[in-house]
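Read through the structure below, which is laid out as structure tokens, and then see the notes.
The values are calculated or read from the model by the stated rules, or taken from the named source; none is laboratory data. Quick caveat, the model's predicted, so the values are computed rather than measured. Neighbour counts are summed over all protein chains in view; Cβ atoms, including those assigned to glycine, are modelled from backbone coordinates with ideal geometry. Areas reflect the complete protein model, heavy atoms only, side chains present, ligands, DNA and RNA absent. Shrake-Rupley method; radii C 1.70, N 1.55, O 1.52, S 1.80 Å.
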Amino acid sequence: MGKSTIDPGDRYIKVDAPSIVWVVSHIQNKVDAIPHVGLVQEGRMNRQITLSVPTLGDTSIYRKIEA
């Protein structure tokens with residue numbers, strides 16, 4: 001798997017729930033820690049999750065989609 005960049009505003013779907021679109025709201029880069037991203041569900045800004053960058057980059061779990 002090649003290295004991809006994750007930026008705020010990028011959109012992802014979970015492979016087993018493709019009807020829900022998650023939008024990257026922010027990136028958490030802490031020293032000596034695995035970077036994480038905050039995501040909000042498109043259309044439901046009160047529904048938020050946090051994932052590690054490696055998890056979001058795992059194409060067997062999440063897939064980036066075009067705007």
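For GLY9, state whether it is of a type in the set (Gly, Ala, Ser) and not in a loop (DSSP other than H, G, I, E, B). So GLY9 fails the test.
Name the single residue, out of those in region 17-67 being in a loop (DSSP other than H, G, I, E, B) and under 16 Å from THR5 (Cβ atoms), that is most open to solvent (accessible area, probe 1.4 Å). Ranking the candidates gives GLU66 first. Just one of the numbered conditions (1) under 10 Å from the mean Cα position of the chain (by Cα); (2) modelled with pLDDT of 95 or more is not true of VAL53; which one? Checking VAL53 against (1) under 10 Å from the mean Cα position of the chain (by Cα); (2) modelled with pLDDT of 95 or more, the one that fails is (2). Please go through region 1-36 and pick out each residue that is at pLDDT 90 or above, within 12 Å of LYS64 (Cβ to Cβ) and not charged (D, E, K, R). Passing the criteria: ILE6, GLY9, TYR12, ILE13, VAL15, VAL21, TRP22, VAL23, VAL24.
Per the listing ASP10, ASP32, the residue uniquely free of Cβ contacts under 8 Å to residues at least 60 places away in the same chain and at positive phi is ASP32.
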